[in-house]
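Note sheet for the following structure.
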Amino acid sequence: MTVEFAVADRVATVTIDRPDRMNAVNKRVEDELEKIWRDLETRTDVSCVVLTGAGDKAFCVGADMKDVESEGASYWLESKPNGFGGIAFRRSLDLPVVARVNGYALGGGFEMVLGCDIVIAAEHAKFGLPEGRVGRMPMDGGMVMLPRKIPFNQAMGMLFTGRHCTADEMRRFGIVNEIAPIEEIDKATRKWTRQIAALAPLSLRAIKQTINRTMHLSPSEAQCLKLPAVVDALCSEDGLEGVRAFQEKRAPNWRGR
């Protein structure tokens, strides 16, 4: 397997396991990631997902340039509807996704980071979209996502130079939530996932589904939608349990129903 997958304490961890290739993505990795995302879309035992790369040098450096199966216009025509790694702009996964960026996040690797909800970065992490240097473009999320997530001129500066940005710059741009030394990145990530998993599972799904389905709408249009996950959460046993637990001054016992 080139992608490791595990679930513990309602937290799924997805690890691209090709440290010898800086966790670059080839067709096999792409297929494995897509299979995992589809599986997670149907599971009820997971509250959030951590996406990372093996080792301490790279999160993911994008497409494996030594394993390119298509070029130019052919690659563009084959681009995945969910973006790089099946996650760059996926809208069908109603789970919070945390990026644990343990090193370089370049090209498609950075596009995957842009598709995550929370980003924890190692101090030495670097981010960039260098595709133009090899005659390509960040077609699987970078060109369309970056100008929507950071100030326009900063996005243009990254896209038109292909330069690498530090974790501190990405925090100032609003992409990175927390920076930690590499030896403490797991501790920082667990802090976030524990806090997420403490929320009602159906509430998490309702929040993520609302964001996924309404970002293109005006606030008033979005507010009028009666999304399935919102209805499920409001009518759930957990909705009653949360109120009881608050009244009884105890931790809630979530059942996900």
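Pull out the extension gain between residue 65 and residue 133, defined as 0.36 nm times the separation in residues minus the alpha carbon to alpha carbon distance; nm, one decimal.
23.2 nm
Could you give the length gained on full extension between residue 231 and residue 166, defined as 0.36 nm per residue of separation minus the Cα-Cα distance, in nm? Can you show the working numbers first?
Numbers: separation 65, 0.36 × 65 = 23.40 nm, distance 4.14 nm.
Taking residue 231 through residue 166 to full extension adds about 19.3 nm, to one decimal.
Just to verify a number: FRET efficiency for residue 91 and residue 183, C-beta to C-beta distance, R0 = 35 Å, to 0.05? Can you show the working numbers first?
Working: r = 35 Å, r/R0 = 1.01.
Efficiency computed from Cβ-Cβ geometry: 0.50.
Along the charge dipole of the range 109-157, which of 112, 134, 144 sits closest to the positive end, that is, farthest toward it, with unit charges on the beta carbon of Lys, Arg, Asp and Glu (+1, +1, -1, -1)?
Result: 134, furthest along the dipole toward the positive end.
Under 5 Å between amide H atoms, partner at least 5 residues away or on a different chain: which partners does residue 103 have, H built in plane at 1.01 Å?
Long-range HN contacts for residue 103: 59, 122, 126.
Output the Kirkwood hydrodynamic radius of the range 150-257, Cα pairs only, in Å rounded to one decimal. Kindly include the intermediate steps, with their values, before the conclusion.
Working: mean 1/r = 0.0576 Å⁻¹.
About 17.4 Å for the range 150-257.
Loop-only check: which GluC sites (Glu not before Pro) in the range 93-185 are DSSP coil with at most 14 other Cβ within 10 angstrom? Before the final figure, lay out each step's value.
Details: sites: 111, 123, 131, 169, 178, 183, 184; in loops: 123.
Sites meeting the loop and neighbour criteria: 123.
Excluding residue 176 itself, what net charge comes from residues whose Cβ is under 12 Å from its Cβ, given Lys and Arg +1 and Asp and Glu -1?
Neighbour charge sum, excluding residue 176 itself: +1.
Within the chain, how many lysine pairs that are 8 or more places apart, or on different chains, have C-alpha atoms less than 16 Å apart?
6
If you keep only loop residues by DSSP, which GluC sites (Glu not before Pro) in the range 1-68 have at most 13 other Cβ atoms within 10 Å of their Cβ?
41
Could you size up the charge dipole of the range 73-173 around its Cα centre, putting +1 on the beta carbon of Lys and Arg and -1 on that of Asp and Glu, and report it in debye to the nearest 20?
I would put it at about 120 debye.
Name the residue farthest towards the positive end of the dipole of the chain from the options 29, 247, 155, assuming +1 on Cβ of Lys and Arg, -1 on Cβ of Asp and Glu, about the Cα centre.
So the residue we want is 247.
In a shell of Cβ-Cβ distance under 15 Å around residue 151, excluding residue 151 itself, what net charge do Lys and Arg (+1) and Asp and Glu (-1) give?
+3
Where both residues lie in the chain, what percent of DSSP beta bridges are antiparallel, nearest 5?
25
Please identify every one of the trypsin sites (Lys or Arg not before Pro) in the range 204-233 that sits in a loop by DSSP and has no more than 10 other beta carbons within 10 Å of its own beta carbon.
For trypsin sites (Lys or Arg not before Pro) across the range 204-233 that sit outside H, G, I, E and B with at most 10 neighbouring Cβ atoms in 10 Å, the list reads 226.
Counting heavy atoms of the protein chains only and a 1.4 Å probe, report the per residue accessible area for the chain as a whole number of Å².
52
Considering the dipole of the chain built from charges on the beta carbon (Lys and Arg +1, Asp and Glu -1) around the Cα centre, which of 224, 47, 197 is farthest to its positive end?
So the residue furthest toward the plus end is 224.
For the chain, just run the numbers: alpha carbon Rg, then divide by 2.2 N^0.38 Å, N being how many residues it has.
1.03
Compute the FRET efficiency between residue 251 and residue 212 as 1/(1 + (r/R0)^6), taking r as their Cβ-Cβ distance and R0 = 22 Å, and round to the nearest 0.05. Walk me through the numbers on the way to the answer.
On the way: r = 29 Å, r/R0 = 1.30.
For residue 251 and residue 212, the calculated efficiency is 0.15.
What angle, in degrees between 0 and 90 and rounded to the nearest 10, separates the Cα long axis of helix 185-197 from the longest principal axis of the Cα atoms of the chain?
The two axes meet at around 40 degrees.
Starting from the Cα of residue 143, step 7 Å along the direction of its Cβ; do the same at residue 221; then give the gap between the two resulting points in nm.
Once both label points are built, they end up 2.5 nm from each other.
Comparing 151, 201, 219, which has the greatest mean-square fluctuation in the GNM of the chain with Cα pairs linked when under 10 Å apart?
Among 151, 201, 219, the largest mean-square fluctuation in the Gaussian network model of the chain belongs to 219.
The values are calculated or read from the model by the stated rules, or taken from the named source; none is laboratory data. Remember, predicted model here, so these are calculated numbers, not experimental data. Cβ: placed from backbone, ideal geometry, glycine included. Neighbour counts: every protein chain shown. These area figures cover heavy atoms from the full protein model, side chains too; ligands, DNA and RNA do not enter into them. Shrake-Rupley method; radii C 1.70, N 1.55, O 1.52, S 1.80 Å.
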